[in-house]
Every structure is written in C-alpha cells, then in structure tokens.
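A short worksheet on the structure shown next.
Since every read-out is calculated from the coordinates, none of them should be taken as a lab result. On a predicted model such as this, the values are computed, not experimentally measured, just so you know. Using ideal geometry, Cβ is built from the backbone for each residue, glycine included, and neighbour counts are taken over all protein chains shown.
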Amino acid sequence: MKRILGVELNSQVAHIIFKLDYAFVAVEDEDDLATKNNSNNTDDFAIEPREGIEFESEDAAKMFYDDYSRRLGFVMRVMSCRRSEKDGRILARRFGCNKEGHCVSIRGKFGSVRKPRPSTREGCKAMIHVKYDRSGKWVITKFVKEHNHPLVVSPREARHTLDEKDKRIQELTIELRNKKRLCAAYKEQLDAFAKIVEEHSNQIAKKVENVVNNLKEFEPLEHALLRSKQDAI
C-alpha cells in the first residue's frame, strides 16, 4: 500500500530532480564556455554564410551579409532581385561585393570620352543569393566566398567588432548566470516538495494500515456473529 501511495510519486519527483540536475550542469557548461570565449578577445566571430541558413526577412539577410562584409573587410552592395509576376513582391535577392562588375566608359555630349574616374569595380563575384521559401523564411541558396581583390579591415571597424562581440558575450554570460540561479531555486523548491510528499505518503500509508488492522480485529466478531445466526436457524 505504501508503494502505491508514495513510492511511485516519489520516483516521478526524483526523475524531475534528475532533469533539473542535468539542466543545471548544462547551464554551468554554457557559462564556462561563455567565460572562455570572453577571454579570447582576438578570436574571429564572423559567421560565414552557407547554403541553407534561414532568415526571418530579406532585411535580416541583408544585415547578416553586411555584418559579415564589414568583419571580413569589404563593402556590401545590394544587387539584382526577382519579383513576383502576380503582385510584384520580391522573391529573391542577391547581395554582393561593391567591386562586382566593371566600369563602363562614358562618352561626352560630342562623343569624346570623359576623363575616367578611378575604378572601384574589379569584377568580383563574391555574393550570396537568398530566396523566399514557402515556409515564410528567406534561405541562402548560393554563396560565393572568394574575392579577386585584397580585403582590408579598418582599425576602427576591427575595434567596433570587438566591442560588439564583448558586449554580446557579457549579455549572454549574465543571461546564463540568471538561468543558473533560477534553476538552483527550482531544484530547491522541488526538493522541499519531494520531502513533503514523502512525509504525507508515509502518514497516509500508516493511516491505511491502521484501518486495515482494525478491520482485521473485527473479522473474528463477524465470523462469530455469522455462526450464531446459523445456529439460531
């Protein structure tokens, strides 16, 4: 009876406590990882594009590639797009390097060639192609990584990148530590609840056992009463 009333419930509580312990360790591991990452301030945190990465919108994809370009050392250019024939919505977009393509000579009013400006175009083919998916996401369907020109990260941009990275790591570290404290509080409350459940289950089991014993005491009287009735008949 005690097993029916208490042990099964206690085993469920113990299983929940085990899960909390596992989560607590996982949060500690993430906290340690964030601390290690915070100490490596010179690491390169630029996430490289790859086919299959999803975004919530075209603007999100643009921001991602723009951030990647600044970290890597080139300037992003918004390039061609494909629109829906029904409503004109943009269904696909290319983002590339500002050195994509080649400059075209411009002739003056009377046919003479104007003095050309220094060309910034070098025929670079680096780009990403994002496409609107049926799931509602924007997905990278093509990524060209290689540039045909040197990449230069300005000291100001490098400093800005490190500052942003450090700020984000600090935010994540604080969030992980808050989760760690919250997990510890939940575990403490659940331990207290398990103790209460165990005490109540033991009390109920004792009461049931007393009732059963009392019923057993009445069994001889019941048998005697039954025999007396049979004798009277």
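Can you order the peptides 59-66, 90-97, 182-189 by their average number of other Cβ atoms within 10 Å per residue, highest first? Kindly include the intermediate steps, with their values, before the conclusion.
On the way: 59-66: 17.0, 90-97: 19.1, 182-189: 13.2.
Ranking, from highest mean packing down: 90-97, 59-66, 182-189.
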Can you compute the modelled spin-label distance between ASP191 and LYS125, with each label point 7 Å from Cα toward Cβ, in nm? 6.3 nm
What list of ³J(HN,Hα) couplings, whole Hz, do you get for segment 82-90 from phi and the Karplus terms 6.51, -1.76, 1.60, once you set θ to phi - 60° and write x for glycine and proline? 10, 10, 6, 6, 7, 10, x, 5, 6
³J(HN,Hα) computed for each position of segment 169-184 - Karplus, 6.51 cos²θ - 1.76 cosθ + 1.60, integer Hz, glycine/proline x: 5, 4, 4, 5, 5, 4, 4, 5, 5, 5, 5, 4, 5, 5, 5, 5
Cα→Cβ-extended label distance, 7 Å offset, between GLU217 and GLU199, nm: 2.8 nm
